[in-house]
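Data first, discussion second: the structure below is written as structure tokens.
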Amino acid sequence: MSAVAMDFLQKYAPVVADQFVTMNSTQAQNTLYGDVNLESLNWLERTWASYYIWMGNPVLATGLMSFLLHEIVYFGRAIPWLIIDAIPYFHQWKIQPDKHITKEQIWKCTKVVLITHFTCELPLIYLFHPICCYFGMATYEVPFSSIGLMAAQIAFFFVFEDTFHYWAHRGLHYGPFYKNIHKLHHEFSAPIGLAAEYAHPLEVLILAQGTISGPFLYCLFRKDLHILTVYIWITLRLWQAVDAHSGYDFPWSLRHIIPFWAGADHHDYHHMAFTNCFSTSFRWWDFSLGTDSKYHAYKKRLAAAKANQRAKIEQEENERAIQEGLEAERLVLMGGPNKIEKIKIGSGKKQ
Ligand SMILES: [Zn+2]
Ligand SMILES: [Zn+2]
């Protein structure tokens, strides 16, 4: 960091400025953990403290850990879905069984995701630690929060993100925003796990606000949030996002256990039909505002199909949803939200 920037920070935000200084291990231990009896802590907390002491620079330590966490969790969750998709046995639970992804599509998707991660997210992640300090979130500090407090905070982040995402996502379907930003994400009418972050960099930045603003908003009211809790939240959120794009709905999928959990079944329909199902984790916003009526009509028709005709009916229904989706997308690209109202969902018919 330049001397001018450092002087500015030391003058106006000394707490943040302290975090940019690189220390040797003795300095780091004294500065970061002077009063803390590390021996009294559990293994994970001691390892956490050792990592920050070893790095000697909290900004770099948090930045590196945040970036690696994101890459490991994202690809660690997305790659198993590619393996599952390559095993024919699992195709019985594929939501759009006739759609198959090509190697070129996988490679293109990987490239776009990696470029966004390295050019857009990496520089921002470097700022994560100073921003956390600014809002009063604990980073290098130990001990961690209790399990009960973590669970309550994560529950709040889930509800906040789902609400934020629902409205931001509906906004992204508005003509100019769709055309210039969200269209890229809809290239996959039958998505794969890897495509969860296959999106325009602006979309990644906008929708990421739902994930990280919840913790910062929380910090405005309470000063008991630890970054480890935020890491657990981000891990769960990434799993949710990747799974929602997996294209598979198993009998043991979470939505069969928690009825208001959206799951892949919900978001896959959004990609297939273009309209309906705008939320991420939960179903209540779409249900309350009627933006899932077409989805429910589709599910009802599938459920009514006789067992020996189910595969045929499913194929016809999926094809119909895709055609309607293409038409809805065309109208948004042509003229914005007024025209899309004309094919407004509910009856499942174009008007
Ligand atoms: Zn969309
Ligand atoms: Zn999606």
Checklist entry - To the nearest 10 degrees, how steep is helix 293-304 against the longest Cα principal axis of the chain, on a 0 to 90 scale? => result 60 degrees
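Among the trypsin sites (Lys or Arg not before Pro) within the stretch 205-286, which fall in a DSSP loop and have no more than 13 other Cβ atoms within 10 Å of their own Cβ?
Here the sparse-neighbourhood loop sites are 222, 223.
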Checklist entry - Among 101, 313, 87, what is the fewest-to-most ranking by other Cβ atoms within 10 Å? => result 87, 313, 101
Next on the checklist: With +1 assigned to the C-beta of every Lys and Arg and -1 to the C-beta of every Asp and Glu, and no other charges, what is the dipole magnitude of the chain about the Cα centre in debye, to the nearest 20?
Outcome noted: 1300 debye
Checklist entry - Sorting 299, 94 on the 10 Å Cβ count, fewest up front, what's the list? => result 299, 94
Item to check | Nonlocal Lys pairs with alpha-carbon distance under 21 Å, the stretch 195-322 (8 or more apart, or different chains) | outcome: 4
Checklist entry - Placing +1 at every Lys and Arg Cβ and -1 at every Asp and Glu Cβ, with all other atoms neutral, what dipole size does the stretch 173-240 have around its Cα centre, in debye to the nearest 20? => result 160 debye
Checklist entry - Expressed as a whole number of Å, what is the distance separating the alpha-carbon centroids of the stretch 35-65 and the stretch 77-105? => result 40 Å
Checklist entry - Which aspartates and glutamates, on any chain, are close to residue 94 with Cα under 16 Å apart, when same-chain ones fewer than 8 places away are left out? => result 85, 243, 249, 265, 268, 314, 316, 317, 319
Checklist entry - How far, in nm, would the chain grow between residue 118 and residue 256 when pulled straight, counting 0.36 nm per residue and subtracting the alpha carbon separation? => result 46.0 nm
Checklist entry - If you line up the long axis of helix 43-55 against the longest principal axis of the chain, both from Cα atoms, how many degrees apart are they, to the nearest 10? => result 70 degrees
Checklist outcome for this item: Residue-normalised 222 nm signal for the chain, counting each DSSP H run of n ≥ 4 as -39,500 (n - 2.57), nearest 500 deg cm²/dmol, is -20500 deg cm²/dmol
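For the stretch 19-152, what is the relative contact order in percent, using Cα pairs closer than 8 Å and at least 6 residues apart in sequence?
Computed over the stretch 19-152, the figure is 37 percent.
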Next on the checklist: Over 20 Å intervals from 0, what percent of Cα-Cα pairs in the chain sits in each interval?
Outcome noted: 27, 51, 20, 2
Next on the checklist: Suppose we flag chymotrypsin sites (Phe, Trp or Tyr not before Pro) only when DSSP calls them loop and at most 13 other Cβ atoms lie within 10 Å. Which is the longest uninterrupted stretch of the chain?
Outcome noted: 1-251
Checklist entry - If you line up the long axis of helix 263-273 against the longest principal axis of the chain, both from Cα atoms, how many degrees apart are they, to the nearest 10? => result 60 degrees
Checklist entry - In sequence order, what are the phi-derived ³J(HN,Hα) couplings for the stretch 157-164 according to the Karplus relation 6.51 cos²θ - 1.76 cosθ + 1.60 with θ = phi - 60°, rounded to whole Hz, with x for glycine and proline? => result 4, 4, 5, 4, 4, 4, 5, 4
Checklist entry - How much length is gained on full extension from residue 83 to residue 205, taking 0.36 nm per residue of separation minus their Cα-Cα distance? => result 41.0 nm
Checklist entry - Mean separation of Cα pairs under 8 Å and 6+ residues apart, divided by the residue count of the stretch 87-213: what relative contact order is that in percent? => result 32 percent
Checklist outcome for this item: With the dipole of the stretch 162-315 defined by +1 on each Lys or Arg Cβ and -1 on each Asp or Glu Cβ, the option from 209, 229, 281 whose Cα lies farthest towards the positive pole is 281
Item to check | Residues 47, 229, sorted so that the one with the fewest Cβ neighbours within 10 Å comes first | outcome: 47, 229
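None of the figures in this text is laboratory data; all of them are computed from the coordinates on show. A quick note: this is a predicted structure, and the numbers were derived from the prediction, not measured. Here the Cβ is made from the backbone with ideal geometry for all residues, glycine too, and neighbour counts use every protein chain on show.
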